[in-house]
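Right, one structure below, let's go through it.
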Amino acid sequence: GDSVTQMEGPVTLSEEAFLTINCTYTATGYPSLFWYVQYPGEGLQLLLKATKADDKGSNKGFEATYRKETTSFHLEKGSVQVSDSAVYFCALSDNSGNTPLVFGKGTRLSVIA
Amino acid sequence: GAVVSQHPSWVICKSGTSVKIECRSLDFQATTMFWYRQFPKQSLMLMATSNEGSKATYEQGVEKDKFLINHASLTLSTLTVTSAHPEDSSFYICSALVGEADTQYFGPGTRLTVL
């Protein structure tokens with residue numbers, strides 16, 4: 001079945017550091033790919049998405065490019081802030097209609113001033 | 001973007017009681033909603049898929065008689081945890097599928113603590 005693997009955390013960075021959170025997937029067909037963010041005590045918020053190969057999703061300084069050849073969707077940000085501290089989930093949808101998301105295990109990011 | 005609300009946001013109950021959690025799509029109609037469960041520091045586990053006007057589809061290992069799901073309208077799905085026990089304590093999150101799009105919008109979650 002479909003699956004998502006993302007790097008284990010926690011990840012601790014200093015403010016203004018460069019962030020990469022790796023995410024790879026296994027899926028049949030052509031899934032849509034997502035990054036969700038969960039701030040402490042809150043539900044998930046969609047951060048960005050990409051629906052086809054070579055698409056780049058971006059939001060709030062975060063970017064991720066859908067790489068079909070490497071089945072990856074790595075999340076990057078050039079300069080993190082303390083307010084970016086959260087848990088980040090990579091997910092996919094197989095686009096077959098009304099299907100739930102398949103989530104990675106999440107990566108906890110802590111940014112220190 | 002689409003807004004999904006959950007109520008209550010936090011509930012504490014005694015063992016053996018039942019708790020109902022509501023999930024509402026505030027500015028759109030959702031024919032499909034999903035219920036997830038999240039244990040501390042873990043990922044989301046899909047419990048069931050809720051379709052308006054039909055029975056929910058439960059994932060393997062989820063007791064449908066314990067976790068009752070009702071999707072009576074296009075804007076409301078409810079999850080009732082019946083005869084709750086301490087092991088049911090968790091963070092329950094719903095999501096709604098927007099139209100025919102593949103994007104799900106999540107509610108803020110409900111933290112259930114069973115004493």
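The values are calculated or read from the model by the stated rules, or taken from the named source; none is laboratory data. Please read these numbers as outputs of a predicted model, since none were measured by experiment. Methodologically, a virtual Cβ is constructed for each residue, glycine included, from the backbone with ideal geometry; neighbour enumeration extends over all protein chains shown. Accessible surface areas use protein heavy atoms only, side chains included; no ligands, DNA or RNA. Shrake-Rupley method; radii C 1.70, N 1.55, O 1.52, S 1.80 Å.
Using only protein heavy atoms and a 1.4 Å probe, how much accessible area in total is buried between B and A, to the nearest 100 Å²?
So the total buried area for this chain pair works out to about 1500 Å².
With a Förster radius of 25 Å, plug the Cβ-Cβ distance of B:Arg111 and B:Ala72 into 1/(1 + (r/R0)^6) and report the FRET value to the nearest 0.05. It would help to have the intermediate numbers written out before the result.
Details: r = 24 Å, r/R0 = 0.97.
Calculated value: 0.55.
Where in region A:18-32 does the amide nitrogen come within less than 20 Å of the point 7 Å from the Cα of A:Ser58, taken along Cα to Cβ?
What the label zone holds, given the 20 Å backbone N cut-off, is A:18-23.
Explain nothing, just the number: dipole magnitude of chain A about its Cα centre with +1 on each Lys and Arg Cβ and -1 on each Asp and Glu Cβ, in debye rounded to the nearest 20. The partial results should precede the final answer.
Details: 9 positive and 12 negative charges, 29 e Å.
The dipole magnitude comes to about 140 debye.
Tell me the label-point distance for the pair B:Thr17, A:Asn22, using the 7 Å Cα-to-Cβ offset, in nm and rounded to one decimal.
4.8
Each label point is 7 Å from the Cα along the Cα-to-Cβ direction; what then is the distance between the points at B:Glu63 and B:Glu87, in nm?
0.8
Compute the Cα gyration tensor for chain B, then decide on rounded, prolate or oblate, letting a ≥ b ≥ c be the square roots of its eigenvalues: rounded whenever a/c is under 1.5, prolate when a/b is larger than b/c in the other cases, and oblate in all that remain.
Prolate shape, in that a/c is at least 1.5 and a/b is the bigger ratio.
Under 16 Å from a point placed 7 Å out from the Cα of B:Met45 along the Cα-to-Cβ direction: which residues of region B:14-36 have their backbone N that close?
B:35-36
Run through region B:1-101 and list the GluC sites (Glu not before Pro) located in a DSSP loop whose Cβ has at most 11 other Cβ atoms within 10 Å.
Those that pass, being in a loop and sparsely packed, are B:Glu63, B:Glu100.
Sort B:Ile21, B:Ile12 by accessible area with a 1.4 Å probe, largest first.
Ranked list, largest accessible area first: B:Ile12, B:Ile21.
How high is the FRET efficiency between B:Trp10 and A:Glu69 when r is their beta carbon distance and R₀ equals 30 Å, given to the nearest 0.05? Could you put the intermediate results ahead of the total?
Numbers: r = 45 Å, r/R0 = 1.50.
The computed FRET efficiency comes out at 0.10.
Counting only heavy atoms of the protein chains, get the accessible area per residue of region A:10-113 (1.4 Å probe) and round it to a whole Å² value.
Accessible surface, normalised per residue, equals 46 Å².
Which residues, if any, in region B:33-69 have at least 20 Å² less accessible area in the whole protein complex than in the isolated chain, probe 1.4 Å?
With the partner chains in place, region B:33-69 has these residues losing at least 20 Å²: B:Phe34, B:Tyr36, B:Gln38, B:Lys41, B:Ser43, B:Leu44, B:Leu46.
So which of A:Lys56/A:Lys77; A:Lys49/A:Lys77; A:Lys105/B:Lys41; B:Lys41/B:Lys64 end up more than 20 Å apart by C-alpha?
Cα-Cα > 20 Å for B:Lys41/B:Lys64; rest within.
Give the relative contact order (percent, whole number) for region A:1-101; include only Cα pairs under 8 Å separated by 6+ residues.
34
Return the carbon/sulfur percentage of the accessible area of the protein assembly as shown, one whole number, probe 1.4 Å, all protein chains in place.
C and S fraction of accessible area: 50 percent.
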